[in-house]
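Q: Pasting in a structure now, in structure tokens, and then I'll have a few things to ask.
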Amino acid sequence: MNTRHAESSEGILETEAQGPTVHLDWLKGAMKGAPVLRSEKTLGELEGLFHDVEAQVRMSAGAIVYVVQWWQAAAAGEAGGLLWGVTIVKPGKVGDEFFMTHGHFHADRTRAEYYVTASGHGVLVRMDDSRSTWGEAMSPGSVHYINGQHAHRVVNTGDEPLIFWACWGADAGYDYGTIREHGFGARVVERAGRPALVPNE
Ligand code: ZN
């Protein structure tokens, strides 16, 4: 928030608060103002991430799996800068595997990140450098501190959009390639009507 001080006619110091340039709706995962950027990921762009390739081929490549909006308050790579954003992961499955984000390591493994769930249910999948993989349940109000050394991906295991907010370093950077090439050590699939974390074969 910017504040400006002005002298009134009586000589009393008044504080005139100026509104911030960005506003959000926590539960809807909406953010507006400037500069808010937006990016969508479709099934086609996530080709190769889901294990049931044939099931994915039968689905529309243009189907949106998740939408990210972020406030680019600092330039990418700016030391000490922070970015703020929200992701909406749509409900759905490819075969028995739930819709999920691509997932990444941070290029700078010293840079941590917060995720906070606003709406919906899912799993935050985390993996360390030895490919040991585990999940943290996401539900409204859950707060997740992601160590900078852990890869992270979000899976929507519910039947409504999974909405979570994030704050991360502008200089964290992204390492998508490691995930693209090797995936995580486990996947979240439906087993007997319930989500299960199973080893990635
Ligand atoms: Zn991250």
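Q: Taking only pairs six or more apart or across chains, which ones have beta-carbon atoms under 8 Å, a first residue in region 101-121 that is in contact (Cβ under 8 Å) with a residue 60 or more places away in the chain and assigned to a loop (DSSP other than H, G, I, E, B), and a second residue that is acidic (Asp, Glu) and more than 9 Å from the ligand (Cβ to nearest atom)?
A: Listed pairs, sorted by first residue: HIS106/ASP175; ALA107/ASP175; ASP108/ASP171; ARG111/ASP171.
Q: Moving on. Kindly indicate the residue of region 110-124 that is within 20 Å of GLN149 (Cβ to Cβ) and of a type in the set (Ser, Thr, Tyr) and also surrounded by the fewest Cβ atoms within 10 Å (Cβ to Cβ) among those meeting that condition. Please lay out each step first, then the result.
A: Kept after step one, since they are within 20 Å of GLN149 (Cβ to Cβ), are these residues of region 110-124: 110-115, 123-124.
Remaining after also requiring of a type in the set (Ser, Thr, Tyr): 110, 114-115.
On the way: THR110: 11, TYR114: 14, TYR115: 20.
The extreme case among them is THR110.
Q: Same structure again: Which of the numbered conditions does VAL65 fail, given that it passes all the others? Conditions: (1) touching a residue at least 40 places away in the same chain (Cβ under 8 Å); (2) under 17 Å from the mean Cα position of the chain (by Cα).
A: For VAL65, the failing item is (1).
Q: Looking for whichever is among the aliphatic types (A, V, I, L, M), over 21 Å from GLU181 (Cβ atoms) and assigned to a helix (DSSP H, G or I) here; the options are ALA79, ALA55, ALA61, ALA74. Which one fits? Explain how you work it out, then say what you get.
A: On the way: ALA79 fails: assigned to a helix (DSSP H, G or I); ALA61 fails: assigned to a helix (DSSP H, G or I); ALA74 fails: assigned to a helix (DSSP H, G or I).
None of the others qualify; the one that does is ALA55.
Q: Just to check your reading of the model, which residue among VAL94, VAL154, VAL86, VAL116 is among the aliphatic types (A, V, I, L, M), away from the ligand (no atom under 16 Å from the Cβ) and at pLDDT 95 or above?
A: On the way: VAL154 fails: away from the ligand (no atom under 16 Å from the Cβ); VAL86 fails: away from the ligand (no atom under 16 Å from the Cβ); VAL116 fails: away from the ligand (no atom under 16 Å from the Cβ).
Answer to the selection: VAL94.
Q: Does region 179-201 include one or more residues that are in contact (Cβ under 8 Å) with a residue 24 or more places away in the chain, in a loop (DSSP other than H, G, I, E, B) and within 14 Å of the chain's Cα centre (by Cα)?
A: Looking through region 179-201, none of the residues is in contact (Cβ under 8 Å) with a residue 24 or more places away in the chain, in a loop (DSSP other than H, G, I, E, B) and within 14 Å of the chain's Cα centre (by Cα).
Q: Shifting gears a bit: Would it be correct to say that GLY169 is open to solvent by less than 40 Å² (accessible area, probe 1.4 Å), on the phi > 0 side of the Ramachandran plot and not β-branched (Val, Ile, Thr)?
A: Numbers: open to solvent by less than 40 Å² (accessible area, probe 1.4 Å): yes; on the phi > 0 side of the Ramachandran plot: no; not β-branched (Val, Ile, Thr): yes.
Answer is no for this residue.
Q: Could you count how many residues in region 128-166 are under 17 Å from ARG109 (Cβ atoms), open to solvent by less than 10 Å² (accessible area, probe 1.4 Å) and free of Cβ contacts under 8 Å to residues at least 40 places away in the same chain?
A: 1
Q: Something else: Identify, by number, the condition in (1) at pLDDT 95 or above; (2) within 8 Å of ALA170 (Cβ to Cβ); (3) of a type outside the set (Val, Ile, Thr); (4) surrounded by fewer than 16 Cβ atoms within 10 Å (Cβ to Cβ) that ALA107 doesn't meet.
A: So the condition that ALA107 fails would be (2).
The values are calculated or read from the model by the stated rules, or taken from the named source; none is laboratory data. Just so we're clear, the structure is a prediction, and the values are computed from it rather than from any experiment. Neighbour counts are summed over all protein chains in view; Cβ atoms, including those assigned to glycine, are modelled from backbone coordinates with ideal geometry. What goes into the accessible areas is simple: the full protein's heavy atoms, side chains included, and nothing from ligands, DNA or RNA. Shrake-Rupley method; radii C 1.70, N 1.55, O 1.52, S 1.80 Å.
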